[in-house]
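Colleague: What follows is a structure written as structure tokens; I'll ask about it next.
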Amino acid sequence: MNGVIPTPVPPAPPVNTGLTGANANLAKVLAAGHFAVCVEVSPPVGPNAEAVQKQINLLKGYGDAYNVTDNQSATVHMSSLAVSIMLKQAGLEPIVQFTCRDRNRLGLQADMLGAAAFGINHILCLTGDHPIWGDHPQCKSVYDMDSVNLIRMARMMRDWRVFENGKNIPKLAPDFFIGAVENPFAPPFEYRPMRVAKKIVAGAQFIQTQLIFNVDRFREFMKRVVDLGLHEQVAILAGVGPIKSLKVAEFMANEVAGVEIPQSIIDRLSPLSKEDQAKAGLDLCCEVANQVREIEGVRGLHVMAVNWPDAVPQVVKNLGLFPRPVV
């Protein structure tokens, strides 16, 4: 039966205890009290290993961990696990994404074991965008479980060395540092902090948010998170990213699920040339990042440069977050 829990699940320990996922670089950075930086890596649409290597060369050293998307926006890309292995072999610390949209619990657990076999300790658990948003709207969704139960299942594998059906994992257990996502901009807004609480209880140790352009809304979200004491139980990594052009801003506003682009940003970019739009997009990203990093409870940034990875080094440098700490 979907969602059956074999035994009661205790609350997840705070990230700074070092009890689980301690070998993950992001866990070490957070435990040492540093302001963390994660960087998103988008796998290519085709089997283009050179494109992955190009991102590795460009982004290496600018993040504590690198988020590898899993068929982002419900569109076919190279496997998140395959690209994560490439990053790991190149000396970067990948965060491999697992979505419930495309695989049942059998396939998800198999891929988690595969990640662990390659020493990949960071995982991010998502439900996944519905296929109607992507390039195969006719495909059948799986959704055997949701992200909360995926988090719980990963924790069972790590802490109890059992599969979701309760059977033991022989010899070795994966040592995962477990992440989840949250969107402060999706209604009902007042429910979003409670979803964070549910994911903490399931086993989430870090939370990456949707891209932030409405700082006031994010500030309200974080106030509630702090009021509930959730910031002491999980590391909140605020999602920020540069917008390359007015066209990209309009696409994200109209076509990307869960992203809120205020009209003020459209108005700011509209009168500018393409070159000036790119500069303004970089400036805006740094402005937002500097605002959110001062909000109580924010432990780091998750930098998502949509179709613009070349901007990441400049963003991280402009924010004074380069070089990254060695822990």
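Just so you know, all these numbers are worked out from the coordinates, no wet-lab data involved. Source: prediction; values computed, not measured. Counting neighbours? That spans all protein chains shown, and the Cβs are built from the backbone with ideal geometry, glycine included.
Colleague: Past the 19 Å Cα-Cα mark, which pairs from LYS28/LYS317; LYS28/LYS167; LYS244/LYS279; LYS28/LYS199?
Modeller: Pairs exceeding 19 Å: LYS28/LYS317; LYS28/LYS167; LYS28/LYS199.
Colleague: Helix 192-202 versus the longest principal axis of the chain: what angle, 0 to 90°, nearest 10, using Cα atoms?
Modeller: Taking Cα atoms only, the helix is inclined about 30 degrees.
Colleague: Still on this structure, I have one more. Excluding residues fewer than 8 places away in the same chain, name every one of the lysines whose C-alpha is closer than 16 Å to that of LYS140.
Modeller: The reachable lysines, counting only those whose Cα sits under 16 Å from LYS140, number zero.
Colleague: Ok, one more. Can you show me the helix-derived [θ] at 222 nm for the chain, built from DSSP H runs with n ≥ 4 at -39,500 (n - 2.57) apiece and divided by the number of residues, rounded to the nearest 500.
Modeller: That comes out to -11000 deg cm²/dmol.
Colleague: Specify the residue with the greatest mean-square fluctuation among ALA173, ALA36, ALA115, computed from a Gaussian network of the chain linking alpha-carbon atoms under 10 Å apart.
Modeller: In this elastic network of the chain, the residue with the biggest mean-square fluctuation among ALA173, ALA36, ALA115 is ALA173.
Colleague: Continuing with the same structure: Between 0 and 90 degrees, rounded to the nearest ten: what's the tilt of helix 215-227 against the longest Cα principal axis of the chain?
Modeller: With rounding to tens, the tilt is 30 degrees.
Colleague: Can you spot the lysines whose alpha carbon is less than 18 Å from LYS198's alpha carbon? Ignore those fewer than 8 places along the same chain.
Modeller: Straight-distance partners of LYS198: LYS223.
Colleague: Treating only the Cβ of Lys, Arg, Asp and Glu as charged (+1, +1, -1, -1), what charge dipole size does the chain show about its Cα centre? Round to the nearest 20 debye.
Modeller: 800 debye
Colleague: Next up: Looking only at chymotrypsin sites (Phe, Trp or Tyr not before Pro) in DSSP loops with at most 16 other Cβ atoms within 10 Å, what is the longest site-free stretch of the chain?
Modeller: The longest such stretch corresponds to 144-327.
Colleague: Helix 246-255 sits at what angle to the longest principal axis of the chain, using alpha carbons and giving 0 to 90 degrees rounded to 10?
Modeller: Tilt of helix 246-255: around 40 degrees.
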